[in-house]
Each structure stands twice: as C-alpha cells, then as structure tokens.
Amino acid sequence: MPVGSDVVIKVTSLKKYFELSRGLFSFEEPVFVKAVDDVNFEIHEGEILGLVGESGCGKTTTGRLLTRLEDPTGGSVFFLGRDIALLESDNLKVFRRNIQMVFQDPYESLNPRTTVLQTIMEPLINHHIGKTYEERVEHVVKALEDAGLAPAREYLSRFPHELSGGQRQRVSIARALVINPRVIVADEPVSMLDVSIRAGVLNLMLDLRDKYNIPYLFITHDIAVARYVSDRLGVMYLGRVVELAETDKVIFEPKHPYTRALLSAVPVPDPEHKHGRIQIKGEIPSATNVPLGCRFRPRCPFSFNECGWEGKDLAAWLLEEENVAAPEHPMKTHIEEIEPSGFSLVIKMKEGGSSNKVLSFIESKVSELKDKMPMFQAVYAVNVVGGSKELVLGTKSIQVPGEYVAKEFLEKLTKSVEFRSRGHPLFGTILDARVSGATVAITVGEENPQKAEGEATKTETTVGFLQDFTKSLVKGGYSEFKGAGKMMVGSGRVTVTCSQAKLTPARVAREAAELVVKELQMNPRSGFYNLLLTPKADKSSVRIRLCCGGKKWEAFAGEAKGLFARMAAEGNMAAMGVEPAEIKEIKGPKESVVVSFVHTIEPPLIDVGGGHMVACYLFKAPAK
Amino acid sequence: MALIEVQDLKVHFKIQNGWVKAVDGVSFSIDAGETMGLVGESGCGKTTAAYAITQLLPPNGFVKSGFIFFKEPPRTRLLRLDYDQMLKGNPKGREREIATLRARLTGVLGEKHGIEEKIEQAKTKGTSEQMERLAAIAVEAGELTERLHALTYFFDLLGKSKLKDGRLDDFNEEIRKIRWKEISMIFQGAMNAFNPVFRVGDQITEAIQLHEDIDDEKAVKRAKALFSFVGIPEDRITNYPHEFSGGMKQRAMIALALALSPKFIIADEPTTALDVITQDRILFEIRKLQEQLKMAMMIITHDVSVVAEVSDKIAVMYAGRIMEIGRTVQVFKNTAHPYTSGLLGSFPSIEGARHRLISIPGFPPDLVNPPPGCPFHPRCEYAKDDCSKVVPRGIELEPGHIAYCHYAKELQPRLRRLGS
C-alpha cells in the first residue's frame, strides 16, 4: 500500500514503558513494564482500525498514547504529519479538538451532576465553537440526533442516571462528535453494554463513519465485535502488533500462530459448530520480563529453530521435563545451579562435580532431540568454562572536547529524529546541519520560496524542539550534553555550542558493553560470535565472561584490545576510556557448562503479500 | 429423570418504592448429568434464580411462591404431579387428603407396633401369619409415606427454610448441610470470591472439613487432587489469591465448588471476566467435569456463544420470566420466540459472511412496574393487542421445546435464526 496522503494517524516504533516503584532506598536497576513495545501502524481516512488482544497486551495504552493522555517513552505518533509529542499550547488544543475518545464505561465517563446538554456543550465552550448559546444548543441537538437519540430536545435536560446504558454510551459518542473530530479512539465502547443494546451502538458507529468519513481506532478484546466493525484488524500480544491486515484476511487466513490460537478459542453461537483447536502453552508472560527473540515463542505451538531461543527456555526444560533436580537423576550430583543469562545458560558445577559429564550429557541430549525439539537445533555451542575467570575491561573517566560532543549531538539528532521524513514537524525546516568545531550549525529555512512564511517562527520551533531534545538526552543518562543547551539564534540559523564535558566511567562502561555486544557477540565475522555471556557494565568496568574453553581467553583479550584500539582510532571517545583487558579470578564455582544459543532479534512486522503484515519468522516477505 | 425441578418460582425484592419482581414465575428442570444454560441480559433475574436455589438471597429478597424439588425420588415426583393435577385450586381437598393419609398411616403403624410387641413378649420368632402381615404393613406404610410426602411437598428445598413472610432462613441447619455438599456454586467474578488474607488451599480444606469429619492431612490431599484435576500445579495450594492469575483463580473456584463432589453445580458467569484463550480452557475444563463426574450443571451467562459451546439445553430469560426453553439445537435452529431471535441476531460471529446486526429496539423494562401481559411486548415487532393483556402460556412446539409466546407456532417459520 503506498503511503498515501490519506494517512490521518501514523504510529512509528511507539513505546511506552512504565517504571515500577521500587521503594525508597533501592539502588537496583529500575524495572520497567513494557506496556507498548515498538508498535507501528497507520490509520487512513474513513477507516476503522480494530485492535484486539488479551488484557494487558497494551491496546488501551496505545489508545491513550494516540490521544496524548500518556507521553511515549520512544517512537512517535504523527497526526496529519505532525508529531503530537512536540505540539504545544494552541497547536495542542487544535489537536485535542481533532482527536476524541469514547471510553469503556458510560456509567463512569459521564459526570453524574451535569445534564446531557451541559456535558455535550462543554467541549464547544472549551474550543470556542459557536458564537451564541442558541447556536451551541443547535450543535448539541445535531450531535444527539447523529448519535441516534431522537427526539434530541427531550434528552437535553436529563441527567445520566435517567438514561439507560445504551443511551449513555450514545451521549458519550455525541460528546465526541460535537466538535467534528478528525479521529475517534474508541476504547472498548460496547463491552459494558447489554447484548441487545450493543448491536445498536455498533451500527451507530458504522453509520457515523459512513456519514462523516471519520476514521476510528477501535480497541476491544472481543474478536467477533472487532470483526464486525473494523476494516483492518491488528492483533496485539505483549505490547507488540503481531499481525495486521484487512479484517477478513486476519479472520479467515490468519498467519501468526498467536492469531490462529486466539481465533480458535473464540466461541461461536452455533451449537453444531466444531472447533479446530490450536492449544497454546502456559500463560501470558509478565511484561516486565519479555522473552528475547520472538516474544510469543515460549507459548508457540509452531516454534522452530529460528525463533530466538534463550537460556530461560533450556532452564525450564531441564527443570520441568528432564527434572534434573530430582534426587534420582544422574546429573543431580553434579549440578549446583542453573542460571540463564540472555541467550546463554550457565550450568554451575557442584564441588566435586564433573563438568565433562554434564557437557556430554547436554551434548547427547542435543544430538538426540535435535530432530524432535526445535530448541536444540538452535544450540550454537556447548562449552566448559573455567567459571572462576572473568575478563575485566577497566574504564576511566575521560574528558571529551566540545568537538566530540557536537559530533555525537549531530549523530543523535539525525538518528533519533528523522526530520528528513515527511511526517516530522521539522520536515523541510532544517535545510542543513553540520559540525564546525564545537558548534553544530543548523540552517533553518524553506526550500520552497513561495511557502516562506515567518522564518522567525520556524527558528523558534526549532530552538524549542532542540532544547527539549537535549533535555531528554540528559535525562536518559547522556550527561555530556548538559552543556549543549546554549543556543544562538541568527537569521535562519540556529547554532548549538557544545562545551567540553566529562564522560563518567559508568557511561564509558555502558558504551563499551554495547560495543562488545554489537561488534563481537552479534557479528558473525567475529571469532566470538555467540560465545559471550551478556557483558555486565558497572561503575568503572565492563565484565565479560566467555562461554568457550580456557585457551581462548587470551585470544579474546587480544581481540577486545584490537577492537577498542580500532574504535579509538576511528574517533570513538568512549573506546579511548577503556583500558586493556585483564583476566581476573573471581569467586564462584570452579567450572561451569555454558550452552549458547544463536542470537536472534525480534521478528519485525513485515508485509508477506497483499498488505498482510505478520511478525513471525515462519513467514518471509515475498521475493520481488 | 429430573435431579432438580424448579416450579413457578417467584422471588421479589423489597425496595423503597415497591417490589422488584426479579424472578416472576420461572419453571425448569435439569436431569442428572445435564447442563442447562440460563441466558439473559443483565437484570433479567438469572442470578437471583440461582441464589434462590442455593438460598443465599439478600435480606430484602422474598420468595413469593414456588417450589424447588431437589433429588426427589421418581415415584414421589409422579405422585406429586398426579395430586397437583387432581387437587388443582382445591386447598381444602388437599388438606382432607393429607388428614386421611395421616390417619391411615398412624393406624397402620399402630398395628405394626402391636404385632411387634406380641412377638417380643412370646420370645419366639413369630408365626408366618404375623410375618406376612408385617411385610404387608411395611409396603403399605411405604406407599402412604410416599403419598404424604408428595402431598405435603416434602422434598421442596424452600419448604425447609422458608419463613412465614417468604424470607429464607440462611442458617437453617438442613440447608447448610445441603449447600456445597449437594448443591455448590461457582460465583460470578472469581477475582473477588476468595478471601485475600487466607491461602487458597486453606479455604478449600475449610469447606471440606466443615462438612466431613476428616483430618487435616486427608483434606490437604483432597485439595491437591482437586487442584491437579482443574489443572493447577499441586504445590500452589499454599499460595494466596493475589498470586494467582485470573484464569487460575477461576480454576481454583471450580476446585472449591467440586470439593465435596456435589450433585449439582451452578456456574454464575464462569468466564465473563476472562480472556478468550483462558475462557476456552475453562469451558474445556467444565466439559471435562461433565463427562467425567456426570454432575448436573446450570451455567448462567449473557453470552449466547458460551452456552452454545457447553450446554445440552438452554432457557432464555427476560424480565424475570423464561421466554423459551429447549434443547440447545432446538432453540438455536428452530427459534420460536421473537426475543430469542433478537438476542441471536444481535451477536456478531467470526464465522460466515459479515451481515448487519439487528438490534432489539428499546431497552429492558423496569421490574418494579413490568409491562402487563407479555413482558417483551413493548419491544416486540410482532406484538398484537392481546400481547399486552394476557401473559402467554408455554406452547410446546416439540417435546421439551417450549416458547412462552402467544404466536410461537405462527412465528416460528418466520423468525430470523441461525444460518438464515
């Protein structure tokens, strides 16, 4: 589908993480509930997009992000090409007028102390629509009639308690309609209504769409209802859209295993209907601890070797199916503890346990079950690791010159905000941005001379945006940008001056750990592809453990040194703060067996043909 | 044969400005090993009917009339029906009959005592004549007792605890023995049905030990067996309710309802607050119970599709009355009541072509002043004059399929139904 001009709402890699409260004196890493985790979709003019999923899958949060009742952690929502996160004052008010919400519970979303007239007139007053009282009453009457409450004048002076459930929901719809919004977000609008009334409200929403061509985001847990109203249907699982296509395609040709399981569980009002049931295992995992690889994999009946198996899966298998903790199991005397670490599993030995026995046990299981269980096909290597060793890359605080900060700033700016994309508010505003010395010079203007209106406002928006951007960077832990707040405004030019800054050892360690993962662990050309445990960055060092035999440690230390030297030569300041690798003895069991799996990223939502978007490695994009 | 039979049950609630006629003349029966779905919109009285059966009505609930026969022997049931037919509207006749039967029974039993005393005094085994007479007396006494029970509605559950004004005595000893032991309930919203400050396992063993005299160890063992039956790991009986997910709480609730192997379970909206996949699993669990334990069940729900999945028969309720009752297939495929048809027509489905839903106009009536005649007539598109005057009697269209509509026979071929 071409990106037409009729896109009303565009959502790109939208994220919302809620931080869990940890108590006053907890210094552990913060824990986040990933309510919405990389969601992408578009809503076109006159279209009803349904969003279904189980409770806790993030569909309501998505709706709230769309209406800016919540601010996203990452990604953007574009309303008619403008990022709503950057709207302010008047623009925000216009936006709020254009996007309206219908809530789930009509018994709670209406003020019990105001009449229907007052309730519906309030948005008119707030947005200064209608000059006189009489004119506003006319608007209200029209909205009520549109919402199917006729004769409308009879309802004006009623209070919510005098209305039935269906009538209250119609009043909510009238309140949303009265200011002619461009989009309506309806969050479970019929789930509190009685069956015989529900159909009427659904039909009303369909009729209004036909009449005014208003697009809806229709959020519901009821797949039959979603099928009835929506043109396109998105299925959400654990914060992510896993399938998105035209409604009938999703219903009759579901592709993603989760959609298939979900549909097979929907009861059908026909006593003679026979189900072809797809059973899925277990329960929805916690959104604080989302599985690596494909997030549906632990429950998926069709999972195969490419799904991204992780240490946790093997740990669960060892404990539950193989039952290694049982006293009669031969491995019981050898294994002390099983500890998953990302894509690897560390099996720690007991005092006097033989690591070779465990190694051969795991290897025999792998070769035995390779054909039966896809998890074992995904095993990349099984190694005995001298458990008491650790590679430590010490980090020191480094002074970075303004030039460096400026360069990083420009890179962060270009990476995080695609102001070169049509959707962005700064699109066409920033003509050029380049680093000269410690300053980033941004040229602001308009390519099209005919549209050159108020250059001053343009520089103003840019400055406002840049200030917010810097603030968000500092908040995210990039303390070196603290000094980047000084902005000079010239004619058509914004200059950001960056001052010299200090990178803390912790910042360097974080950066270095990322580099190790990117360049050594996930790079197939590296000699240590898939052979590292997740590096741990602490206050002044990165600690890395290898999951292969003893001799490779020196080689790895060499490779790490080479990597950082190369990066430093390329001008990566963080790499300069890393000291040469040191192999240290640490406390702990003497040896452990490490099983490593192939590193896999989450399956992206791709078009597998005819606009049918699926996020599953079972389906590949058709060859062109 | 019927395990439970509800006859003309009327439960009214007293409120400030009158009486809410929540259940207004409901009759149905459920056989052993059968599942009945009781379907209706909120406020149609389906939960009230269930609470009347388990006798858990709130203090302002009054049973105005009706009987609930539970586990009545088949002969008594037939006799009762005979007597009801015979003495209809003739309470004096009934009283006379009771008095005669009582007199006869005392006479017979007196004779029995006499013979037994004689045998005792003679210290012999008794002559063959005497023994024959005793056997005959036993048969006669048995028959008389049965008749008396039938006449006095001896097996009526409500009769045991109904106070004079129609209120129920919650603490009646006999009812407390029956409740949970014989009739148990899966409550609406399992989320809140457990006490949050006690372990789930303890709440189950408490119920077991209240009714049965067994030690802690055995009770815990039983609770574990119940947990594994409903598919929860046994070691989780020591968890608190908040440690369970919604689906697990619902399963634990089912385990609690099964704790004493009751004959009859009432499930009040067992899956309403659950997600589709969990709902599917719980329904599967319920079907498994049905097949393995052969208990009777009543499933109360507003969701027609859930009923289609699990129940053998279905009763559709509206404004405190039953509108249509019959085998599930009969009601779904040969719908004979306009309300049932409207209800089925307003349910979207993921099967078949997408066609416009047809909603029922208007909204459910106020049960303080229900409309005269058929309660559905103000919303019925086929309503005629007499619908607003005369309460319709049940019309039996097929054996077991009854519709409470004056024009059921005429309307049946014309109504929208499944697959049309």
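Of the residues making up segment A:118-154, those that are more than 14 Å from every other protein chain (Cβ to nearest Cβ) and part of a loop (DSSP other than H, G, I, E, B) are A:His127, A:His128, A:Ile129, A:Gly130, A:Lys131, A:Thr132, A:Ala147, A:Pro151.
Of the strands (runs of 3 or more DSSP E) contained entirely in segment A:176-280, not one carries at least 2 residues that are facing chain B (nearest Cβ under 10 Å) and free of Cβ contacts under 8 Å to residues at least 12 places away in the same chain. For segment A:305-381, the helices (runs of 4 or more DSSP H) that sit wholly inside it and include 3 or more residues that are small (Gly, Ala, Ser) and either at pLDDT 85 or above or surrounded by 14 or more Cβ atoms within 10 Å (Cβ to Cβ) (or both) are A:311-316, A:355-369. Residues in segment A:323-341: is at least one of a type in the set (Val, Ile, Thr) and in contact (Cβ under 8 Å) with a residue 24 or more places away in the chain? So far as segment A:323-341 goes, no, none of its residues is of a type in the set (Val, Ile, Thr) and in contact (Cβ under 8 Å) with a residue 24 or more places away in the chain. A count restricted to segment A:100-117 and to residues that are part of a loop (DSSP other than H, G, I, E, B), open to solvent by less than 70 Å² (accessible area, probe 1.4 Å) and within 23 Å of A:Val190 (Cβ to Cβ) stands at 4. State all residues of segment A:257-286 that are closer than 27 Å to B:Phe332 by Cα and among the polar types (S, T, N, Q); if no residue qualifies, say none. Residue satisfying the conditions is A:Ser264 alone. When B:Glu410, B:Glu351 are checked against the criterion of being facing chain A (nearest Cβ under 8 Å) and open to solvent by 50 Å² or more (accessible area, probe 1.4 Å), a single residue qualifies: B:Glu351. Take B:Leu415 and decide whether it is over 15 Å from A:Ser196 (Cβ atoms), touching a residue at least 60 places away in the same chain (Cβ under 8 Å), in contact with a helix residue (DSSP H, G or I) (Cβ under 6 Å, 6 or more places away or on another chain) and away from every other protein chain (no Cβ under 14 Å). For B:Leu415, the condition - over 15 Å from A:Ser196 (Cβ atoms), touching a residue at least 60 places away in the same chain (Cβ under 8 Å), in contact with a helix residue (DSSP H, G or I) (Cβ under 6 Å, 6 or more places away or on another chain) and away from every other protein chain (no Cβ under 14 Å) - is met. Quick check on segment A:144-173: of everything there that is under 23 Å from A:Ala226 (Cβ atoms) and aliphatic (A, V, I, L, M), which residue is nearest to the chain's Cα centre (by Cα)? Among residues in segment A:144-173 that are under 23 Å from A:Ala226 (Cβ atoms) and aliphatic (A, V, I, L, M), the one nearest to the chain's Cα centre (by Cα) is A:Ile173. For B:Pro361, state whether it is touching a strand residue (DSSP E or B) at 6+ places or on another chain (Cβ under 6 Å) and either assigned to a loop (DSSP other than H, G, I, E, B) or at pLDDT below 85 (or both). The answer is no for B:Pro361. Looking only at residues of segment B:170-192 that are in a loop (DSSP other than H, G, I, E, B) and in contact (Cβ under 8 Å) with a residue 12 or more places away in the chain, we find that the one that is most open to solvent (accessible area, probe 1.4 Å) is B:Gln188. Being among the charged types (D, E, K, R) and over 30 Å from B:Gly40 (Cα atoms): is that true of A:Asp105 here? For A:Asp105, the condition - among the charged types (D, E, K, R) and over 30 Å from B:Gly40 (Cα atoms) - is not met. All but one of (1) closer than 23 Å to B:Ser346 by Cβ; (2) out of contact with any strand residue (DSSP E or B) (no Cβ under 8 Å at 6 or more places or on another chain) hold for A:Ser230; which doesn't? Among (1) closer than 23 Å to B:Ser346 by Cβ; (2) out of contact with any strand residue (DSSP E or B) (no Cβ under 8 Å at 6 or more places or on another chain), A:Ser230 violates only (2). Does any residue of segment B:274-282 turn out to be open to solvent by less than 20 Å² (accessible area, probe 1.4 Å), more than 14 Å from every other protein chain (Cβ to nearest Cβ), among the hydrophobic types (A, V, I, L, M, F, W, C) and over 24 Å from B:Ile183 (Cα atoms)? Looking for residues that are open to solvent by less than 20 Å² (accessible area, probe 1.4 Å), more than 14 Å from every other protein chain (Cβ to nearest Cβ), among the hydrophobic types (A, V, I, L, M, F, W, C) and over 24 Å from B:Ile183 (Cα atoms), one finds none in segment B:274-282, hence no. One residue is enough: does segment B:249-269 have a residue meeting the conditions facing another protein chain (nearest Cβ under 9 Å), out of contact with any Pro (no Cβ under 6 Å at 6 or more places or on another chain) and not in a helix (DSSP H, G or I)? The answer is no; no qualifying residue exists. If you go through segment B:302-347 and keep only what is more than 9 Å from every other protein chain (Cβ to nearest Cβ) and either out of contact with any strand residue (DSSP E or B) (no Cβ under 8 Å at 6 or more places or on another chain) or among the polar types (S, T, N, Q) (or both), you end up with B:Tyr318, B:Gln330, B:Asn334, B:Thr335, B:Pro338, B:Thr340, B:Ser341. Pairing each residue of segment B:374-392 that is crowded, with 16+ Cβ neighbours inside 10 Å with any residue that is of a type in the set (Val, Ile, Thr), provided the two are 6+ apart or on different chains, yields C-beta distances under 6 Å for B:Arg379/B:Ile360. Just one of (1) within 12 Å of chain A (Cβ to nearest Cβ); (2) open to solvent by less than 30 Å² (accessible area, probe 1.4 Å); (3) more than 29 Å from A:Leu163 (Cβ to Cβ); (4) within 23 Å of the chain's Cα centre (by Cα) fails for B:Met297. It is (1).
Reported count of residues in segment B:284-328, each being over 23 Å from A:Ser191 (Cα atoms), in contact with a helix residue (DSSP H, G or I) (Cβ under 8 Å, 6 or more places away or on another chain) and part of a strand (DSSP E or B), is 7. Restricting segment B:283-294 to residues that are basic (Lys, Arg) and under 20 Å from the mean Cα position of the chain (by Cα) leaves a set whose member that is farthest from the other protein chains (Cβ to nearest Cβ) is B:Lys294.
Given the criteria more than 13 Å from every other protein chain (Cβ to nearest Cβ), assigned to a loop (DSSP other than H, G, I, E, B), open to solvent by 20 Å² or more (accessible area, probe 1.4 Å) and out of contact with any Cys (no Cβ under 7 Å at 6 or more places or on another chain), does B:Ser228 qualify?
Here the answer is no, as B:Ser228 does not meet what is asked.
Condition check: under 30 Å from A:Tyr258 (Cβ atoms) and not hydroxyl-bearing (Ser, Thr, Tyr). Does A:Gly558 satisfy that? No, not satisfied.
Of everything in segment B:137-169 that is open to solvent by less than 10 Å² (accessible area, probe 1.4 Å) and of a type in the set (A, V, I, L, M, F, W, C), the residue that is farthest from B:His113 (Cα to Cα) is B:Leu158. Scanning segment B:284-300 for residues that are farther than 20 Å from B:His401 by Cα and touching a residue at least 24 places away in the same chain (Cβ under 8 Å) gives B:Glu285, B:Ile286, B:Leu289, B:Gln290, B:Leu293, B:Lys294, B:Met295.
Filtering segment A:166-175 to residues that are open to solvent by less than 10 Å² (accessible area, probe 1.4 Å) and either among the hydrophobic types (A, V, I, L, M, F, W, C) or within 14 Å of another protein chain (Cβ to nearest Cβ) (or both) leaves A:Gly166, A:Gln169, A:Val171, A:Ile173, A:Ala174. Would you check if there is a residue in segment A:164-172 being farther than 20 Å from A:Val190 by Cα and of a type outside the set (Val, Ile, Thr)? Checked against the condition, which is being farther than 20 Å from A:Val190 by Cα and of a type outside the set (Val, Ile, Thr), segment A:164-172 yields no hits at all.
The values are calculated or read from the model by the stated rules, or taken from the named source; none is laboratory data. Here the structure is a predicted model, which is why all the values come from computation and not from measurement. Here Cβ is always computed from backbone atoms with ideal geometry, including for glycine, and neighbour counts include all displayed protein chains. Calculation scope for accessible area: heavy atoms of the full protein, side chains included, ligands and nucleic acids excluded. Shrake-Rupley method; radii C 1.70, N 1.55, O 1.52, S 1.80 Å.
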